[in-house]
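Trainee: Once you've had a glance at the structure underneath, I'll fire off some questions.
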Amino acid sequence: MTIAATDRVLSVTLRIARFTPKPERAGRRRGGSPFGSKSPFGGSDAGARSNRVRGKRWTQDYVVSAHASDSVLDCLLAVKREQDPSLAFRYSCGHGMCGSDAVAINGTPTLLCTAKVRDWAKPDAPEYANEDGFRPTGEPLDSSDRAIDLDALAPGTPLVIELAALPGFPTRRDLIADIDPMLDQIRRLKPYLQASGDLKTTPNGKVDAFEYLQNPDQLKRYELLSNCIACGVCEGSCPVYAGGEAFVGPAAMILSSRFLNDSRDGAGAERLAALMAPDGSAACQSVRACSMHCPKGIDVGEELWQTIQKVDAAKAALK
């Protein structure tokens, strides 16, 4: 009886870009931006933290046995339990809900827990290169197009999955990226409901308990945006974002857009004004790479474009 590749145990090499930071001397300021502790593009101090951390960098291979249906997170947990407890990576729920385990797999930003071995394992062999000797670059949008037909491979074909920390952020250790700059930019745009606070009352003077009742059309305007888990995948895909120094980033703009589209929110003018800063909507180049790998299915680039149009309209109204 022939065992399908999806059922049999595969030998997969995890090729991990590792990093151990160098201890900083007390009182010594780390080199980096000539602008000092503040970013020239805004009031955030994200630029001070986004300096490249010095330390030891190397690539290390770990061979694991896995089924095609296993997640890459399962493979890393097996490595940590059985081979190298010093390997550092971040995860929490393991179900694609918390967004804490975003990394670059084969150069593509995505979540460890939702990435399956069958979709990301590739032959680690010279014949995988094209006729000119170059390995293919770029990943298609559809994971079914990205996946290798494991059944078509010869038995014993070496498979590899390459892992690195999320791009666009400084690396803290191994696969753990420092996402504090992104979180600072999100906080700066105040991603929480700011209602007017005026209590509506009924004709007989009682407080109307349905003050914030919405109809389905009003909910639909922002419902998908509320699914954003601030994982940083869109930030890692963005060619402009780099630690929040020049661009506030797609994650912060999506969360701001979520409330710009909420009929209950009364701070729309202030939100648009905040996005008029030099590192706000004007810094977005509309490349739309941020839409390619969102794990929650948000068309980030389209939402950003709509927000940019709102900001431009608000600027024009001020003139």
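The values are calculated or read from the model by the stated rules, or taken from the named source; none is laboratory data. Nothing here was measured: the structure is a model prediction, and the numbers come from that model. Neighbour counts run over all protein chains shown; Cβ positions are idealised from the backbone, glycine included. To get the accessible areas, we keep the full protein, side chains included, count just its heavy atoms, and leave off ligands, DNA and RNA. Shrake-Rupley method; radii C 1.70, N 1.55, O 1.52, S 1.80 Å.
Trainee: Students often check this: by mean Cβ neighbours within 10 Å, which of 215-223, 248-256 ranks highest, and how do the rest follow?
Mentor: Highest mean packing first, the order is 248-256, 215-223.
Trainee: Can you list residues from other chains, or at least 5 along the same chain, whose modelled amide H is less than 5 Å from the amide H of ARG18?
Mentor: Amide H neighbours of ARG18: TRP58, THR59, GLN60.
Trainee: What are the residues whose amide H is under 5 Å from the amide H of GLY55, where those residues sit 5 or more places off or on another chain and H is modelled from the backbone?
Mentor: It is LYS22, by chain and number.
Trainee: Counting only heavy atoms of the protein chains, get the accessible area per residue of the stretch 179-318 (1.4 Å probe) and round it to a whole Å² value.
Mentor: Using a 1.4 Å probe on heavy atoms only, each residue of the stretch 179-318 averages 49 Å².
Trainee: In sequence order, what are the phi-derived ³J(HN,Hα) couplings for the stretch 217-228 according to the Karplus relation 6.51 cos²θ - 1.76 cosθ + 1.60 with θ = phi - 60°, rounded to whole Hz, with x for glycine and proline?
Mentor: Couplings: 5, 5, 5, 4, 5, 10, 4, 5, 5, 6, 7, 4 Hz.
Trainee: Ok, one more. Using θ = phi - 60° and the Karplus form 6.51 cos²θ - 1.76 cosθ + 1.60, what ³J(HN,Hα) does each residue of the stretch 176-192 get, whole Hz, x for Gly and Pro?
Mentor: 9, 9, 7, 8, 4, x, 5, 5, 5, 5, 5, 4, 4, 8, 6, x, 8
Trainee: Using only the alpha carbons of the stretch 155-284, determine the length spanned along each of the three principal axes and report them from longest to shortest in whole angstroms.
Mentor: Per principal axis, max minus min of the Cα coordinates gives 78, 43, 24 Å.
Trainee: Would you compute, for the Cα atoms of the stretch 213-285, the largest minus smallest coordinate along each principal axis and list the three values in descending order, in whole Å?
Mentor: Dimensions of the stretch 213-285 along the principal axes of its Cα atoms: 40, 25, 16 Å.
Trainee: On to the next question. Given the options LEU255, GLN194, SER286, identify the residue whose Cα lies farthest towards the positive end of the charge dipole of the stretch 179-318 (+1 on Cβ of Lys, Arg; -1 on Cβ of Asp, Glu).
Mentor: GLN194
Trainee: Around ASP61, what is the net charge, scoring Lys/Arg as +1 and Asp/Glu as -1 over all other residues with Cβ under 12 Å from its Cβ?
Mentor: Net local charge, ASP61 excluded: -1.
Trainee: Which one, TYR222, GLN306, CYS238, is farthest towards the positive end of the dipole of the stretch 179-318 when Lys and Arg carry +1 and Asp and Glu -1 on their Cβ?
Mentor: Checked the options; the winner is TYR222.
Trainee: Lysines within cross-link reach of LYS296: Cα-Cα under 18 Å, excluding same-chain residues under 8 positions apart?
Mentor: Partners found: LYS116, LYS220.
Trainee: Give LYS200/LYS310; LYS206/LYS319; LYS122/LYS310; LYS206/LYS315 a once-over and call out the pairs whose C-alpha atoms are over 32 Å from each other.
Mentor: LYS206/LYS319; LYS122/LYS310; LYS206/LYS315
Trainee: Let me ask you something else. Excluding ligands and nucleic acids, what accessible area in Å² is computed for THR202 using a 1.4 Å probe, to the nearest 10?
Mentor: For THR202, the solvent-accessible surface is approximately 50 Å².
Trainee: Would you mind checking which residues have amide H under 5 Å from VAL160's amide H? H placed 1.01 Å from N; only 5 or more apart, or other chain.
Mentor: THR13, LYS122, ASP124
Trainee: Something else now. What are the ³J(HN,Hα) values, in whole Hz, obtained from phi via the Karplus relation 6.51 cos²θ - 1.76 cosθ + 1.60 with θ = phi - 60°, for each residue of the stretch 105-113 in sequence order, with x given for Gly and Pro?
Mentor: 10, 6, x, 10, x, 6, 9, 4, 6
Trainee: Mind ordering 14-20, 78-84, 155-161 by average Cβ neighbours within 10 Å, highest first?
Mentor: Sorting 14-20, 78-84, 155-161 by mean packing, highest first, produces 14-20, 155-161, 78-84.
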